[in-house]
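A short worksheet on the structure shown next.
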Amino acid sequence: MATALKSKSKRKSFQRNLLLSLGGVFLLFAICFSVYQYQREKEYKIDILHSRLQMYNYEMAQTLGEDSLTSSKMFHDYVARHQMEGLRVSVIDLKGRVILDSYDTNIDSLGNHLQRTEIQQALHGGNGYDIKRMSQSTHETYFYSATRFGDVIVRAAVPYSTELTRSLQADNTYIYFAGVLTLLLGIVLYYITHRISRHIGYLREFAMKAEKGEELDHELERRLPDDELGDISHTIIMLYWKLRHSEEDKVRIKRQLTQNAAHELKTPAASIHGYLESILDNPDMPEDKKKHFLERCYAQSERMSKLLLDMSALTKLDDMDDNRSQARQEYRPVDVLQVIKSVLDDTNLQLQEKGLMPSLQVPPHIEVLGDASLIYSIFRNLIDNVIAYANGASHLGIVCQEKETEGRHYYEFQVSDNGPGVEPQHLEHLFERFYRVDKGRSRKLGGTGLGLAIVKNAVAAHGGQTTAYSSPGGGLTISFTLARF
């Protein structure tokens with residue numbers, strides 16, 4: 001119960017942290033965007049008002065002419081004809097002195113305007129404005145817009161009233177829209193983070209159960225979402241089950257190997273014990289019978305020795321499989337044709353006794369990167385298998401073809417005979433350790449049941465594959481591949 005609560009607390013903590021981090025980034029972006037948009041819209045409205053007053057200044061200058069802007073009569077007549085509510089117009093020279101003013105005729109009392117913001121901007125840039133500055137003569141707050149025409153500056157001003165303030169304020173509708181959008185995105189973000197957190201919590205729970213060795217059969221039945229998260233969860237679970245089953249298979253195979261080895265060793269050991277016991281219990285045994293018993297003891301000891309050697313070879317191959325990358329670093333180029341000829345020379349006497357005629361269809365130059373002793377054991381065990389079990393066969397064929405599949409170059413070898421062959425139901429089991437098609441007959445022939453298992457593992461150690469199938473004209477064919485050097 002405490003573990004479940006702790007797991008739930010950590011899952012919620014992960015979700016909260018993820019939600020706060022993503023939500024914080026988005027909220028910061030929304031605030032920055034809102035402030036930027038507010039200032040941008042405010043500046044846009046100020047530019048509109050400034051443009052309208054600039055338009056008034058330009059129309060006055062165009063109508064009166066730049067030379068008549070200083071004419072008091074023409075100036076006041078124009079302002080009277082084009083009067084706007086609260087509009088105040090002034091004409092100022094380049095030294096900042098007011099020449100004409102539509103509001104105050106006592107221009108001497110207006111003071112110098114050279115340092116006013118809008119005047120400085122007009123002097124340097126042709127036009128300028130100032131926002132919300134109080135007039136010293138009227139004591140009202142105005143929005144000023146000044147334009148330079150030659151040697152004079154025309155300045156128009158409107159009172160900064162409540163209505164003007166409202167018109168210059170940015171529209172807050174987009175702020176409400178942004179708030180609603182933020183809320184909706186927050187809900188979606190919460191759903192997404194909750195979903196991610198739930199699956200992470202599920203995988204964490206699965207990992208904890210797997211570490212404790214608890215039953216996990218129901219985990220495969222749990223419904224997973226049909227998306228990337230579901231695919232990842234499903235892949236992790238399947239990988240776990242494959243690894244677990246692989247480990248279980250290894251344990252089962254090792255246990256089975258131990259049991260089979262004990263069983264196989266027990267038979268020759270019991271025979272040797274029986275023969276020697278008979279000799280010791282019968283000191284007056286005839287010499288020819290004693291010699292026969294000793295020969296049987298020797299034959300059983302040879303069989304035991306071969307079994308131990310084969311088991312040692314399989315152990316070596318298992319170790320190579322566990323450290324395959326390191327083992328392959330020790331591989332060297334091997335001339336396969338010379339290996340085949342060496343095996344045929346070593347088995348020549350047995351082949352002649354069985355009446356087997358070897359036939360080679362192998363290219364003259366075949367080199368593979370591998371272990372020479374293992375490649376020797378591949379061909380030796382295959383030829384020994386033909387000698388031992390292909391009763392009545394007269395032909396032993398060894399064929400090699402160079403092939404290419406998806407840019408991968410390799411050699412395909414086929415070792416075949418024209419003997420009685422193997423029934424189809426046994427073909428897929430031939431490479432299993434201690435598997436026998438005919439258990440009684442196989443033992444009488446001296447086989448250990450490990451020869452083809454050694455072949456398969458030795459080929460796999462070189463990155464190849466092994467298959468068995470019935471030859472078209474009768475008999476058995478073992479096919480395997482070796483990568484080209």
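The values are calculated or read from the model by the stated rules, or taken from the named source; none is laboratory data. None of these values were measured; they are calculated from a predicted model. Cβ: placed from backbone, ideal geometry, glycine included. Neighbour counts: every protein chain shown. With ligands, DNA and RNA removed, areas are computed over all heavy atoms of the protein, side chains included. Shrake-Rupley method; radii C 1.70, N 1.55, O 1.52, S 1.80 Å.
Taking θ as phi - 60° and the Karplus parameters 6.51, -1.76 and 1.60, the scalar couplings of segment 350-362 work out to 5, 5, 5, 4, 7, x, 9, 9, x, 10, 10, 10, 10 Hz in sequence order, x denoting glycine and proline. Thr63 exposes around 90 Å² of accessible area when a 1.4 Å probe is run over every protein chain in place. For the residues Glu118, Glu287, Glu412, a 1.4 Å probe over the protein chains yields an accessible-area ranking, largest first, of Glu287, Glu412, Glu118.
Annotation: amide H of Ile99 within the under-5 Å range of Val91, Ile92, Asp93, sequence separation 5 or more or interchain, hydrogens built in the peptide plane. Going by a ≥ b ≥ c, the root eigenvalues of the Cα gyration tensor, does segment 37-110 fall in the rounded group (a/c under 1.5), the prolate group (a/b larger than b/c) or the oblate group? It comes out prolate by the Cα gyration axes.
Surface calculation, 1.4 Å probe, protein heavy atoms: Arg195 sits at approximately 60 Å² accessible. Backbone phi angles across segment 184-196, fed through the Karplus curve with coefficients 6.51, -1.76 and 1.60 (θ = phi - 60°), yield HN-Hα couplings of 5, 5, x, 5, 4, 5, 4, 5, 5, 5, 5, 5, 4 Hz in residue order; Gly and Pro are listed as x. Computed 3J(HN,Hα) for segment 143-154, one whole-Hz value per residue from the Karplus formula 6.51 cos²θ - 1.76 cosθ + 1.60 where θ = phi - 60°, is 10, 9, 9, 10, 9, 8, 10, x, 9, 10, 10, 9, glycine and proline marked x. Dipole magnitude for segment 69-121: computed about the Cα centre from +1 point charges on Lys and Arg Cβ and -1 point charges on Asp and Glu Cβ, it is near 120 debye.
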